[in-house]
Amino acid sequence: MEPSLPSPDLFASMAVAVLFVIVLWDAFWLTRQRLDVPTLGELPNGGFAWESEGAQELIRQWGNLGSMAAMMVLPWGLVGVSNTNPAYAIAWDVCLGLHLISLLVPKRYAVTRTHAFADGQRYEWQRLRLSKRQPTRRIMLLRKGWGIFGPLPLGGAQNDLSIARSRIELALDPDGKWPRDGPATSEEE
């Protein structure tokens, strides 16, 4: 008796459903960025917040954009071979296209004594480190323990990035003198 493989359409529908959930999840976090970073510039606790522009996000996300372009093309080579309905490849490309757009939307970032805020999420400094090799037009943080899957690039204007980088270095240095130690705000709790 020959084992039967699952239907290619069933497999394709599951892949598209998982991708759709990922796109929705990322979109949800992007909507939170204005809640987590409501003001820009110097923060009362000595932190700093800034916003990027679309072109700066293009520089920040170039690796992800290339990967997604490849992910949009690859299924088309398998559609004919596997007898999968092309509608699933179209749905896959639509989901990835929406995700590509979300990558290029201007983002808000913030650096406080206790956290970095990026992509609508909050990261504790003890879980991050600065990359030894810093790119010239963005800041590259690395998530500890994530290996090659851990880069967390921060985009923005050069002036904003230089201020942010100095605050990041202070936040990562336990002996660093934070600019204005004041009462903790809600974003530091």
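Details
- Neighbours by Cβ (under 8 Å, 6+ apart or cross-chain): first from the stretch 95-112, polar (S, T, N, Q); second part of a loop (DSSP other than H, G, I, E, B): T112/L43; T112/N45; T112/G46; T112/G47; T112/T185
Here is a yes/no grid of residues against (1) at pLDDT 90 or above; (2) of a type outside the set (A, V, I, L, M, F, W, C):
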site	(1), (2)
A15	yes, no
V23	yes, no
R32	no, yes
P38	yes, yes
G47	yes, yes
W76	yes, no
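This table checks each residue for (1) free of Cβ contacts under 8 Å to residues at least 40 places away in the same chain; (2) over 18 Å from V105 (Cα atoms); (3) among the hydrophobic types (A, V, I, L, M, F, W, C).
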residue	(1), (2), (3)
P3	yes, yes, no
T31	no, no, no
G41	yes, yes, no
I59	no, no, yes
A70	yes, yes, yes
N83	no, yes, no
P86	yes, yes, no
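- Strands (runs of 3 or more DSSP E) enclosed by the stretch 116-182 - at least 1 residues per element that are free of Cβ contacts under 8 Å to residues at least 40 places away in the same chain and of a type in the set (D, E): 121-124
- Residue in the stretch 41-74 that is nearest to the chain's Cα centre (by Cα), counting only those that are assigned to a loop (DSSP other than H, G, I, E, B) and over 18 Å from R138 (Cα atoms): G47
Residue by residue, here is whether (1) in contact with a Phe, Trp or Tyr (Cβ under 8 Å, 6 or more places away or on another chain); (2) within 30 Å of F11 (Cα to Cα) holds:
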residue	(1), (2)
W92	no, yes
V105	no, no
V111	yes, no
L154	yes, no
D173	no, no
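Matching residues to (1) at pLDDT below 90; (2) touching a His at 6+ places or on another chain (Cβ under 9 Å):
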| position | (1), (2) |
| --- | --- |
| L35 | yes, no |
| G54 | yes, no |
| I59 | yes, no |
| A70 | no, no |
| R108 | no, no |
| H115 | no, no |
| D119 | yes, no |
| Y123 | no, yes |
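The values are calculated or read from the model by the stated rules, or taken from the named source; none is laboratory data. Every value quoted in this text rests on a predicted model; they were computed, and no experiment measured them. Methodologically, a virtual Cβ is constructed for each residue, glycine included, from the backbone with ideal geometry; neighbour enumeration extends over all protein chains shown.
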